[in-house]
Amino acid sequence: MNVSRPDYFSLDSKVCVVTGAASGIGRETLLVLGRSGAHVVGLDRNLDTLEETRALADNEGLSVEFYGADVADRNAVMSIAEQVLQKNGRVDGWANVAGILRYAFIADITPEHVNELIAVNQLGVLWGLAAAAKVMKSGGSIVSVASAGGEMPFPRLGGYGMTKAAVIQLTRTASVEFGELGIRVNAIAPGYVETPMVAASYSRADGTIDEALKEQFFDARRSQSPLSITGEPLDIA
């Protein structure tokens, strides 16, 4: 007897928004959601690499649309969320992935350094949470990317870790506030993942990769992992 089993991993007919979709974890998240059947909306301020994501998605025949936007701009995020709702009739998922990484010892942090981190990593998630709550009419799921740096101390990552700790707390608060709306809110806190954002840690002044420094960098990070590994964007997506 043939028994029909539901595909619990199918996202057919779902509409999902992914910020930071131009590269790294955001790009992989968009592609994974699209491969699972969702219509995916990608946001990013880096238009050139966002077009690269579009090309990858189009090559696989995925259902996607894209907007150039800075997640630090509340009005832009709110406007795009409303446009997505009006165009597609629903929003079921929202991934707050956009983020930046800046290194500095606490004694050397400048206002410009920390303000940029707060604008993208912290306020970008806040505006994403707020926008998602307003357009998810029938419940849904929100996932924000925090970081192990939001829970553990790392030298030269005081400003970055501060913003990621804020993401963790925002997630806790949003889960309480949005629960009555049928919206699940969670965060994932990756360790070291090989992304363009992290590549600055082992790049030369001209932007090229120093392969020896890269291997040294990741050897040090693997030593901090119980499995002696570092991650790839697909692991998180």
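Of the conditions (1) touching a residue at least 12 places away in the same chain (Cβ under 8 Å); (2) in a helix (DSSP H, G or I); (3) under 20 Å from VAL15 (Cα atoms), GLY161 satisfies every one except a single condition; which number is it?
(3)
Looking only at the stretch 30-88, count how many residues are of a type outside the set (Lys, Arg) and not in a helix (DSSP H, G or I).
24
Yes or no: LEU56 under 17 Å from GLY124 (Cβ atoms) and touching a helix residue (DSSP H, G or I) at 6+ places or on another chain (Cβ under 8 Å)?
So LEU56 fails the test.
Would you tally the residues in the stretch 19-75 being small (Gly, Ala, Ser), on the phi < 0 side of the Ramachandran plot and under 13 Å from the mean Cα position of the chain (by Cα)?
Within the stretch 19-75, residues that are small (Gly, Ala, Ser), on the phi < 0 side of the Ramachandran plot and under 13 Å from the mean Cα position of the chain (by Cα) number 5.
Would the stretch 98-117 turn up any residue that is touching a Ser or Thr at 6+ places or on another chain (Cβ under 6 Å), surrounded by 19 or more Cβ atoms within 10 Å (Cβ to Cβ) and in a loop (DSSP other than H, G, I, E, B)?
Yes, there is a match, as at least one residue in the stretch 98-117 is touching a Ser or Thr at 6+ places or on another chain (Cβ under 6 Å), surrounded by 19 or more Cβ atoms within 10 Å (Cβ to Cβ) and in a loop (DSSP other than H, G, I, E, B).
Checking ALA166 against (1) closer than 21 Å to THR49 by Cβ; (2) in contact (Cβ under 8 Å) with a residue 40 or more places away in the chain, which single condition isn't satisfied?
The number of the failed condition is (1).
Which residue out of ALA132, ALA72, ALA104, ALA148 is among the hydrophobic types (A, V, I, L, M, F, W, C) and in contact (Cβ under 8 Å) with a residue 60 or more places away in the chain?
The unique qualifying residue is ALA132.
Name the one entry in GLU82, GLU116, GLU112 that is touching a helix residue (DSSP H, G or I) at 6+ places or on another chain (Cβ under 8 Å) and among the charged types (D, E, K, R).
Answer to the selection: GLU82.
Quick grid of which residues meet (1) assigned to a loop (DSSP other than H, G, I, E, B); (2) surrounded by fewer than 21 Cβ atoms within 10 Å (Cβ to Cβ); (3) hydrophobic (A, V, I, L, M, F, W, C); (4) at negative phi:
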position: ASN121; (1), (2), (3), (4): no, no, no, yes
position: ALA131; (1), (2), (3), (4): no, no, yes, yes
position: GLY140; (1), (2), (3), (4): no, no, no, no
position: ALA174; (1), (2), (3), (4): no, no, yes, yes
position: GLU177; (1), (2), (3), (4): no, yes, no, yes
position: VAL185; (1), (2), (3), (4): no, no, yes, yes
position: ALA205; (1), (2), (3), (4): yes, yes, yes, yes
position: GLN224; (1), (2), (3), (4): yes, yes, no, yes
position: ASP235; (1), (2), (3), (4): no, yes, no, yes
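Each reported figure results from applying straightforward, stated rules to the coordinates on display, with no laboratory input. Here the structure is a predicted model, which means the values were calculated and not measured. Cβ coordinates were reconstructed from backbone atoms using ideal geometry, including for glycine residues, and neighbour counts include every protein chain displayed.
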